[in-house]
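See below for the structure under consideration.
Readers should treat all values here as calculations from the given coordinates under stated rules, not as data from a laboratory. Keep in mind it's a predicted model, so treat the numbers as computed, not measured.
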Amino acid sequence: MAVMGEVYDVSAGKRHYGLGGGYHSLAGKDASRSLATGNFVEDLHDDIHDFSDDQIKAVLKWRDFYHKSTKYHLVGHVVGAFYDADGRPTPLLLRIEALDGGRGPRGVVQDPTQDLQPCNSGWSQAAGTEVWCDTGYPRKVMTPGPGEELRADCVCQRGTAVTRGRRLFTGCLGTEQRCRAPELDDADDGDL
């Protein structure tokens, strides 16, 4: 299921999200609107552009629930109202993040690359590319490469949240300080 474009693996809660469970209708969908309105039929989609601040705060509480859960894990993003095809936050998500601003209105979205450090990296024929952080957790970010095409890079961030354009590498759970980074195996210059 997804909330605000963030896809969570809810298979550990199959009693709730599986066939016959109370939240079965949410599985496989971005349920942002439904989670705030409680209407799990007509409102089962991600369109919240018309929400009041209080309704947005309700959706943010659900997102926080899944973020903090040890049972449900972030596994990706949905292309739609909150993330574009390149995994970048949409203007709607940036406005919501400005409202939330890390627990209260700030009016300005912080630069997502602020206070981030580059990852350590290594490559071997057996393992491919690995990234690790001495302090923090590796996250994939997309940056302009030659000719303005986007390429994957790695940054170390302090917390384990996956937000604002910082994504997990394929196969990385997000709580490890070292993980494989197959997205970087094809990097032609080896820089991270």
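Convex hull volume per residue, computed on the Cα atoms of the stretch 1-43, equals 61 Å³. Normalised by 2.2 N^0.38 Å, where N is the number of residues, the alpha-carbon radius of gyration of the stretch 28-70 equals 1.11.
Annotation: amide H of Lys29 within the under-5 Å range of Ala2, sequence separation 5 or more or interchain, hydrogens built in the peptide plane. For the stretch 2-79, the equivalent ellipsoid built from the Cα gyration tensor has semi-axes of 19, 14, 11 Å, listed from largest to smallest.
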